[in-house]
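A.B. asks: Here's a structure for you.
The values are calculated or read from the model by the stated rules, or taken from the named source; none is laboratory data. Every value quoted in this text rests on a predicted model; they were computed, and no experiment measured them. Note: ideal-geometry Cβ built from the backbone for every residue, glycine included; neighbour counts use all protein chains shown. With ligands, DNA and RNA removed, areas are computed over all heavy atoms of the protein, side chains included. Shrake-Rupley method; radii C 1.70, N 1.55, O 1.52, S 1.80 Å.
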Amino acid sequence: QVQLVESGGGLVQAGGSLSLSCVLSGGTFKHYAMAWFRQAPGKEREFVAAISWSGYYSTLYADSVKGRFTISRGDAENTVYLQMISLKAEDTAIYYCAASRRYGSRAADWDYWGRGTQVTVSS
């Protein structure tokens, strides 16, 4: 069965950068759209970014991260990446990787989830 494992979270000062990775196993990576969501304490899980299937590579970003975050995929290594720059305190959250044969900005559109990785931005 499909499994997702995130890595790369940590503590960074405001204005700094981090890069997250998520490896998919148990499925054919090129058949899945991939996404990142995040969840802060007391908040609903919110959409961050998504990238479509191999050979199409359409991307979608939340307004709050446009121009600062970049999603990409490496099909040879079965990995999706999230490059984050100019980080703000409001970016502090647990970041989750997701996969689906569908594509959308709602959490319900996504079938498989990683356990998450903590990103903390200090001021």
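A.B. asks: Across the stretch 20-33, which residue is nearest to the chain's Cα centre (by Cα) among those that are among the small types (Gly, Ala, Ser) and surrounded by 14 or more Cβ atoms within 10 Å (Cβ to Cβ)?
C.D. replies: If we take residues in the stretch 20-33 being among the small types (Gly, Ala, Ser) and surrounded by 14 or more Cβ atoms within 10 Å (Cβ to Cβ), then 21 is nearest to the chain's Cα centre (by Cα).
A.B. asks: So in the stretch 62-89, with the set limited to residues that are assigned to a strand (DSSP E or B) and more than 16 Å from residue 114 (Cβ to Cβ), which one is modelled with the lowest pLDDT?
C.D. replies: 74
A.B. asks: Output the residues belonging to the stretch 41-96 that are more than 15 Å from residue 110 (Cβ to Cβ) and among the small types (Gly, Ala, Ser).
C.D. replies: Residues satisfying the conditions are 42, 54, 55, 58, 64, 67, 72, 74, 76, 86, 89, 93.
A.B. asks: For residues in the stretch 90-105 being open to solvent by 50 Å² or more (accessible area, probe 1.4 Å) and at pLDDT 95 or above, which is farthest from the chain's Cα centre (by Cα)?
C.D. replies: Here the answer is 90.
A.B. asks: Follow-up. Is it the case that the stretch 6-16 has a residue that's open to solvent by 40 Å² or more (accessible area, probe 1.4 Å), out of contact with any Leu (no Cβ under 9 Å at 6 or more places or on another chain) and on the phi > 0 side of the Ramachandran plot?
C.D. replies: The answer is no, given that none of the residues of the stretch 6-16 is open to solvent by 40 Å² or more (accessible area, probe 1.4 Å), out of contact with any Leu (no Cβ under 9 Å at 6 or more places or on another chain) and on the phi > 0 side of the Ramachandran plot.
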